[in-house]
Amino acid sequence: MNEEVSPAKLPEDSPPDKDRSRTDAMKNVDEMFKDRATVAVESSGFEVLDLLSNHPGVPITELIKVLNRKSNAIGFIIAAYEAAEKTGVVRDVAFDLLTRYILEGFPNGWDSNGTIHPVVKLVGWLSSVKNYTKNPQDANFARRIMETLAVTNPPANGWIPEIRNDPLLKETFDNCWPP
């Protein structure tokens, strides 16, 4: 029995001035995780963005092992976005992290027909952009990217992004998140 299932739909854009604040307790935990990640990265002799650049395509959970597990993925991601904000490369870091999320979430290639919908596999990336970047529009750009990839114009099943500057991801970013 095949039932027709309507495709997933993401919420409409949030107004740019929408309050995306997290509770004080959540902010305190985020800050603690970020501080631990920053100390772990610095004690390894790297800067967070250099660590990403020197380990392309490696899932964040694996990068944490390089830091002797003195950090967690959330703290590392927060630290990466903070460093990206300071150097003006938030879009580039979001691109890099999305590539890592796809490579980890779809180890055998993109699958729009699997038991876990691509939206579910990529929502962590969208949430990290929403919660850990300063520009509220970044969340809207990320939502458009995710909707394009997961709902309106998904890659062919089996697609695996190139580790650096995948053409399909580059085109999607260029269409959804202005440089």
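The values are calculated or read from the model by the stated rules, or taken from the named source; none is laboratory data. For clarity, every value in this text was computed on a predicted model and none was experimentally measured. Heads up, the Cβs are rebuilt from the backbone with ideal geometry, glycines too, and the neighbour counts pull from every protein chain shown.
Figures for the structure shown
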quantity	calculated
Qualifying positions in region 98-151 - polar (S, T, N, Q) and touching a residue at least 60 places away in the same chain (Cβ under 8 Å)	T99, N131, Q137, N140
Residue in region 30-44 that is farther than 19 Å from T133 by Cα, part of a loop (DSSP other than H, G, I, E, B) and at pLDDT below 90 present	yes
Any hit, region 149-162, residues being among the hydroxyl-bearing types (S, T, Y), surrounded by fewer than 20 Cβ atoms within 10 Å (Cβ to Cβ) and more than 19 Å from P107 (Cα to Cα)	yes
Residue within region 108-123 that is touching a Gly at 6+ places or on another chain (Cβ under 8 Å), assigned to a loop (DSSP other than H, G, I, E, B) and aromatic (F, W, Y) present	yes
Qualifying residues in region 105-126 (those that are closer than 25 Å to D30 by Cα and modelled with pLDDT of 95 or more) - the one farthest from the chain's Cα centre (by Cα)	L126
Test: residue in region 67-82 that is within 19 Å of the chain's Cα centre (by Cα), surrounded by fewer than 18 Cβ atoms within 10 Å (Cβ to Cβ), small (G, A, S) and modelled with pLDDT under 95	yes
In region 54-83, the residues that are touching a residue at least 40 places away in the same chain (Cβ under 8 Å) and assigned to a helix (DSSP H, G or I)	I60, T61, I74, G75, I77, I78, A79, Y81, E82
Residue list for region 120-137, filter: surrounded by fewer than 20 Cβ atoms within 10 Å (Cβ to Cβ) and not β-branched (V, I, T)	K121, G124, S127, K130, N131, K134, N135, P136, Q137
Residue list for region 128-179, restricted to those being within 25 Å of A79 (Cα to Cα), among the hydrophobic types (A, V, I, L, M, F, W, C) and not in a helix (DSSP H, G or I)	I163, W177
